[in-house]
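Beneath this line is the structure, given in structure tokens, with notes to follow.
Nothing in this text is a laboratory measurement; each read-out follows from the coordinates by a stated rule. From a predicted model like this one, the values you see are computed outputs, not experimental measurements. All Cβ positions, even for glycine, are placed from backbone atoms using ideal geometry, and neighbour counts span all protein chains on display.
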Amino acid sequence: MRKIQYPMLNGMSYLDHAGTTLPSKVLSDTFSEQLQTTLLANPHSALASSPSVTQEIVASTRLSLLQIFNASPEHFEVIFVANATAAIKLVLEAFRGYEQGFDYYYHRDCHTSLVGVRELAYQSRCLASDEDTEQWLDSGHHLTEEMEGNRPTLFAYPAQSNMNGRRLPLSWPQRLRPSLEHKEAYVLLDVAAFVSTSPLDLSDHKTAPDFLSLSLYKIFGFPDLGALIVRKSAAHVFDKRRYFGGGTTDMITVEQPWFARKKGCLSDAIEDGTSATHSILALKCAITAHKELYGGLSQVSKHTTWLAEQLYDRLSALRHTDGRPVCYIYKDPKSQYGDAKTQGATLTFNIMSHKGVWVESLEVGNRAMAAKIHLRSGAMCNPGGMAHALGMTGEEIRKLYAAGRLCGQDNNDRSTPSGMVRASFGACSTLSDVLALARFIEKSFMADGNELRSGYRDCAHYQMFKKRN
Ligand SMILES: *Cc1c(COP(=O)(O)O)cnc(C)c1O
């Protein structure tokens, strides 16, 4: 099936599904057929009396997407955006509309795109651990001293870390909510990494987060589209948003600044400009193709959880002759491979050579690529998670930057790594990918001096060098 559906792999072990997964052949075939036979028009050009084909496709695709997460359209709305980052920025834009500003709390494991929100908050605080977070949730701190003034609170965290795949508790939104009677408090749950290989159940809207950001290409490989899912009972924050774009107003005056935002559907009021209709058609095809090939995210979760456990077992067992581990795996102590509740299908590590020096993460990535294994190496867009895992303080990071080094580059002295290597699985991964990576590491980094050099022969630049000499 993989050979037929993913011809672009062509013998490659692709292990960067957390970066993006790959589109199947059946998806691109059905999309290409649909694109040729569907007359897509600008949805804003439709006659009000009858929805156009385009509007019907957009509406039914919104519904199909909600269905994947057991989210009732009675309680949730889908807003189409460019990617997860755009979804986050849309929420930010709403909160910026509060005259008194907003207070922002974010978990250490947040993706860079969530960290950036703090720059526009009235005040912000990083919750540096789960314990910190739970203490904060329980203490009602969001109601007291530090939160004086009647600013709303926005609390953001990822359902899964994009750095090491650790999964965070989904119970936090309901612990924040009791404060609502005193003060406005909202949860933005970033599910971009989580839903790529896990089901998400929003059937109980009362315990659900208020805003969910996701990137659809991470689930389906195509289209390059994102979504913001909004709990309707929190939709009113978008009334605060000041900007309006094309298609979102009922009436405007231009010479005097007045406008009336569209009422009814939230998507009508905040999806600025022409919606990505061709991408939405592709999403419709993607949802069907994914179901056909994999039977849904529960199946994908079982499969990828198992693969990640296989890789963890193999890599953690690799030892140098003196007994030292070859791979230093950045697993959170609270997570367990094989347990989908605490750990996603991602494994992040660094390699220490038999001589006791760190191998640069970028070198591991390059050599793996030469051996037809696609990994992510360097930085992971998760600055808090990385700094914590590598034991780097803020001062150290700023010193390194001052010395000319950028995010994800390795230390020249190799005393500590500052990049990482990440392997992540997707629906189309197989055990052969696990074995290929384990074999590659064994062959390239484990042997004595002579064999280590023989490992270097796999390198493209080494072969080029040999040929020229
Ligand atoms: C990938 C990712 C993002 C950013 O997604 P974009 O599509 O690049 O905007 C945000 N958060 C997490 C957890 C991610 O994995």
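Observations on the structure shown:
- Ascending count of other beta-carbon atoms within 10 Å, so fewest first, for Tyr105, Tyr6: Tyr6, Tyr105
- Whole-Å semi-axes of the ellipsoid equivalent to the chain (Cα gyration tensor, √5λ, descending): 41, 29, 20
- Across the alpha-carbon set of the stretch 310-382, the Rg to Rh ratio works out to 0.97, Rh being the Kirkwood radius.
- Kirkwood Rh and Cα Rg combined as Rg over Rh, evaluated for the stretch 171-235: 1.03
- Here the stretch 14-90 is assigned +1 on the Cβ of each Lys and Arg and -1 on the Cβ of each Asp and Glu. Its dipole about the Cα centre then comes out at about 140 debye.
- On Cα atoms only, tilt of 361-370 relative to the major axis of the chain in degrees: 80
- Relative contact order of the chain, taken over Cα pairs closer than 8 Å and 6 or more residues apart, is 20 percent.
- Cross-link pairs beyond the 18 Å C-alpha cut-off, checked among Lys3/Lys218; Lys206/Lys240; Lys183/Lys240; Lys232/Lys284; Lys206/Lys262: Lys3/Lys218; Lys206/Lys240; Lys232/Lys284; Lys206/Lys262
- Two-decimal Rg/Rh across the stretch 1-100, once Rg and the Kirkwood Rh are taken from alpha-carbon atoms: 1.06
- Convex hull volume per residue in cubic angstrom - Cα atoms of the stretch 230-278: 82
- For the stretch 38-291, dividing the convex hull volume of the Cα atoms by the residue count gives 130 Å³ per residue.
- With helices as the sole contributors, the chain gives -11000 deg cm²/dmol at 222 nm; each DSSP H run of n ≥ 4 counts as -39500 (n - 2.57), and the sum is divided by every residue.
- Nearest 10 degrees, 0 to 90: helix 277-294 Cα axis against the chain principal axis: 50
- Across the stretch 38-291, the mean sequence separation of Cα contacts (distance under 8 Å, 6 or more residues apart), normalised by length, yields a relative contact order of 25 percent.
- Largest-first ellipsoid semi-axes for the stretch 156-264, taking √(5λ) over the Cα gyration tensor eigenvalues, angstrom: 30, 20, 11
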